[in-house]
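What follows draws every value from the coordinates through simple rules; no lab data is involved. Just so it is clear, the model here is predicted, and its values are computed rather than measured. FYI the Cβ positions are ideal-geometry reconstructions off the backbone, even for glycines, and counts take in every protein chain you see.
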Amino acid sequence: METKGRPLRADAERSIRAIMEAAEQLLGENPGATMEQIAEAAGVARTTIHRRFASREALVEIMTTAAWREISAAVEAARPHTAPPLVALHQATTNVLHIKSRWRFALSHVNPLGEEAAGIQAETMDRCDALFLRARETGLLPPGTDLLWTRQVYLALLNEIACGPAWDEPGGPDPDALAARIIDTLLYGVTAR
């Protein structure tokens, strides 16, 4: 992490990470949680949280940007431009499910996105579109498939699963199995193959 072009010291980075994790947990349970409650949950002084974040809104915006950075890296790690489309789609879905389950509040409570998060989101959607185009070109998706509609349906399935109650259960679900179900539903509908 960096602030104003300078890398943060390791202890400052740990504090920021602890604050964001505590905020994600607390705000998910109580969207009205105060900065002081977040500081207490993170195990940092109130002055630390106020020094790092100008306001609660600024904290949530930074959390959202961090989440989108992770999603972008996760999609890129799936090699959407070079891996076989089905492999890339499955890996990207699995990766993103992991991230979305950890950032449920930050990814669902900021609208509109801040400028940086919106830019990262747009780049990620471009990668998604390129992957669906490759899927159509290789025959994974039928010719003439509406790629914008396909992306919208895919994201709706992904978001529904990532925000579902299964993640609240001890041990949680198997993201790899969920990714397979999302892709099967996208490609074949709800009927069993």
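Observations
- Highest-fluctuation residue, 158, 140, 89 considered, GNM on the chain with Cα pairs under 10 Å: 140
- Relative to the longest principal axis of the Cα atoms of the chain, the long axis of helix 147-162 lies at roughly 50 degrees.
- Among 106, 33, 88, the largest mean-square fluctuation in a Gaussian network model of the chain, built with springs joining Cα atoms closer than 10 Å, belongs to 33.
- Along its three principal directions, the equivalent ellipsoid of the chain from the Cα gyration tensor extends over semi-axes of 34, 18, 14 Å, largest first.
- Candidates 148, 59, 131: whichever shows maximal mean-square fluctuation once the chain is modelled as a Gaussian network with Cα springs under 10 Å: 148
- Counting only DSSP H runs of at least 4 residues, each contributing -39500 (n - 2.57), and dividing by the residue count of the chain, the helix-based mean residue ellipticity at 222 nm comes to -22500 deg cm²/dmol.
- The chain, relative contact order in percent, only Cα pairs under 8 angstrom and at least six apart counted: 19
- Spatial separation of Cα centroids for segment 10-47 and segment 97-116, in angstrom: 16
- Each Lys and Arg Cβ is given +1 and each Asp and Glu Cβ -1; about its Cα centre, the chain then shows a dipole of about 340 debye.
- Dipole-positive endmost among 80, 12, 112 within the chain (Cβ charges, Cα centre): 12
- When the charge dipole of the chain is built from unit charges on Cβ atoms (+1 for Lys and Arg, -1 for Asp and Glu) and taken about the Cα centre, the candidate among 143, 163, 99 whose Cα reaches farthest toward its positive end is 99.
- With respect to the chain, whose longest principal axis is taken over its alpha-carbon atoms, helix 85-102 is tilted by about 30°.
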